[in-house]
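Here's the structure we're looking at; comments come further down.
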Amino acid sequence: MSAMEAASGDEPHASDRFTFMAAVSKTPKKQIQFADDMQEFTKFPTKTGRRSLSRSISQSSTDSYSSVASYTDSSDDETSPRDKQQTNSKGSSDFCVKNIKQVEFGRREIEIAEQEMTALISLRKRAQGEKPLSGAKIVGCTHITAQTGVLIETLCALGAQCRWCACNIYSTQNEVAAALAESGVAVFSWKGESEDDFWWCIDRCVNANAGWQANMILDDGGDLTHWVYKKYPNIYKKIRGIVEESVTGVHRLYQLSKAGKLCVPAMNVNDSVTKQKFDNLYCCRESILDGLKRSTDVMFGGKQVVVCGYGEVGKGCSAALKALGAIVHVTEIDPICALQACMEGFRVVKLNEVIRQMDVVITCTGNKNVVTREHLDRMKNGCIVCNMGHSNTEIDVSSLRMPELTWERIRSQVDHVIWPDGKRIVLLAEGRLLNLSCSTIPTFVLSITATTEALALIELYNAPEGRYKQDVYLLPKKMDEYVASLHLPSFDAHLTELSDEQAKYLGLNKNGPFKPNYYRY
């Protein structure tokens with residue numbers, strides 16, 4: 001049964017297993033320049049002192065970095081965590097992190113995050129007595145940050161056993177990974193993994209010691225899901241549910257479903273209203289500027305910027321840059337999103353028509369080869385190029401790793417790629433996710449995402465047989481509203497209650513849901 005067909009079904013009964021939620025789940029269906037000096041300002045830099053090398057990911061990932069997202073600094077030894085023998089205070093070595101001695105720093109980071117994640121802590125307190133995830137063995141592949149640490153410890157408090165790895169080679173906070181490893185979570189992740197390390201960590205999470213086999217997946221991007229599907233079909237067939245939080249990962253789930261290869265129920269939390277608006281729009285509206293400012297120190301007033309894609313991420317990025325006085329252009333394939341961009345005052349263009357004039361190019365599509373080598377060749381000197389989409393496929397970075405081009409590491413996650421004539425572009429995070437590689441994401445936003453994910457895991461794990469088929473489902477609207485309600489106390493917000501007469505007039509239950517399942521915005 002498809003998600004669309006499921007939309008017409010009756011509302012299922014609330015789970016009898018736990019009572020901290022009201023009713024769950026209606027099953028959803030689917031320069032100033034002076035004239036005399038102008039030539040000096042526009043000259044390309046000379047090649048003197050340039051380092052001639054095309055860095056691989058593993059080479060560049062060992063460079064030191066400053067204050068962004070981790071206490072690790074250049075004084076750390078460069079031994080690969082895979083070659084270290086480390087144990088936590090309980091004698092366990094079932095983890096692989098940069099430095100287990102960073103536990104204290106990591107614990108402080110998690111405690112700070114808890115202060116902004118009051119809704120998730122509230123959920124933990126309400127449900128930990130009933131242990132709705134007792135028996136759940138969750139393998140997760142997400143960004144490993146302090147906020148994720150709060151989520152993982154909440155899942156453990158609700159009865160789950162967890163093994164975790166990172167969905168991005170640059171976003172891990174090493175000290176948080178150490179704190180989680182000390183608390184007993186099997187974490188395999190460190191900032192600056194190579195591609196080989198990345199897949200090794202995923203495999204170590206899934207291919208655990210005898211007696212431990214995952215029965216739930218929490219994924220961000222779909223890499224873990226596809227690794228289990230391809231390498232461990234016996235484990236894949238026994239999974240009780242998959243929760244996916246990214247556009248890219250959801251797309252891959254729908255591909256599996258269409259091909260008839262999705263043999264477990266999956267929950268698409270990316271398209272829940274709370275996730276879309278907060279994690280994608282509101283979060284990117286703030287974190288795009290944080291990442292760009294920290295990594296480039298550039299001033300955006302008057303700059304020509306093109307944002308590729310005007311979905312929720314593109315909307316947030318465009319609004320933030322416009323507010324700083326940037327001249328923002330948008331590229332789109334969808335006429336509805338294009339019209340929305342026009343109504344917000346943005347010029348909708350084709351990338352190849354404006355690429356020569358752009359000062360900043362930002363991809364937000366989740367697609368591949370959005371910015372090609374042809375575009376890169378035509379960019380002006382000093383153009384900043386970065387990606388805000390989950391996947392690292394949007395910018396054709398591999399085409400820049402050619403002998404004729406020189407790479408210079410300027411600072412953490414900032415490379416100059418230099419052409420033979422001296423022209424250079426500024427590439428951020430090697431085309432990977434800017435805000436989590438070059439800065440951080442607001443904790444409050446991640447509280448909403450994490451709470452949504454926790455509820456989705458609880459729902460799938462406790463759902464009676466037959467409620468969910470082998471398909472991709474949207475988060476039930478009742479849960480979406482419950483997530484929002486948990487966060488309202490942070491603003492001292494008070495909801496108005498319908499009278500019986502008003503509820504009858506609108507045809508609604510006084511306690512919700514207040515929106516139909518197809519409502520997204």
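The values are calculated or read from the model by the stated rules, or taken from the named source; none is laboratory data. Since the model is a prediction, treat every value here as computed from it, not as a measurement. Backbone-built Cβ (ideal geometry, glycine too); neighbour counts: all protein chains shown. Quick note on the areas: whole protein, heavy atoms, side chains included, nothing else; ligands and nucleic acids left out. Shrake-Rupley method; radii C 1.70, N 1.55, O 1.52, S 1.80 Å.
Just add up the charged neighbours of ALA338: K/R +1, D/E -1, any other residue whose Cβ is under 14 Å from the Cβ of ALA338.
Working: positive: LYS315, ARG347, LYS350; negative: GLU332, ASP334, GLU344.
Net of charged neighbours comes to 0.
For HIS375, the solvent-accessible surface computed with a 1.4 Å probe is close to 30 Å², ligands and nucleic acids excluded. Please work out the C-alpha center-to-center distance from segment 325-359 to segment 456-520 and express it in whole Å. Cα centroid of segment 325-359 versus Cα centroid of segment 456-520: 35 Å apart.
Is the shape of segment 311-357 rounded, prolate or oblate, going by the alpha carbon gyration tensor and its root eigenvalues a ≥ b ≥ c, with a/c under 1.5 for rounded and a/b larger than b/c for prolate? Could the numbers behind the result be given before it?
Details: a/c = 1.75, a/b = 1.03, b/c = 1.71.
Oblate, since a/c reaches 1.5 and b/c is not below a/b.
These residues, LEU488, LEU151, go from largest to smallest accessible area, 1.4 Å probe, as LEU488, LEU151. Got a number for carbon plus sulfur as a percent of segment 302-402's accessible area, 1.4 Å probe? So the carbon and sulfur contribution to the accessible surface is 53 percent. Each residue, ASN511 and TRP200, gets one label point 7 Å from its Cα in the Cβ direction; the gap between the two is 5.2 nm.
Computed with a 1.4 Å probe over protein heavy atoms only, the accessible surface of segment 385-452 comes to 24 Å² per residue. Once the Cα-Cα distance is subtracted from the 0.36 nm per residue extended length, the GLN115 to ARG409 segment shows a gain of 102.2 nm. Solvent-accessible surface of protein heavy atoms, probed at 1.4 angstrom with all chains present, puts ASP500, ASP220 in the order ASP500, ASP220, largest first.
For the set LYS350/LYS478; LYS98/LYS478; LYS322/LYS423; LYS131/LYS477; LYS125/LYS277; LYS231/LYS469, the pairs lying more than 32 angstrom apart at their alpha carbons are LYS350/LYS478; LYS98/LYS478.
For ILE418, the solvent-accessible surface with a 1.4 Å probe is about 0 Å², rounded to the nearest 10. Summarising the overall dimensions of segment 381-435 from its C-alpha atoms, the Rg and Dmax are 10.8, 33 angstrom. The apolar share of the surface of segment 133-204, taken as the fraction of accessible area on carbon and sulfur atoms (1.4 Å probe, ligands and nucleic acids excluded), comes to 44 percent.
Between GLN357 and ASN381, the contour length at 0.36 nm per residue exceeds the alpha carbon distance by 7.6 nm.
If R0 is 35 Å, the Cβ-Cβ spacing of THR87 and GLN213 corresponds to a FRET efficiency of close to 0.90.
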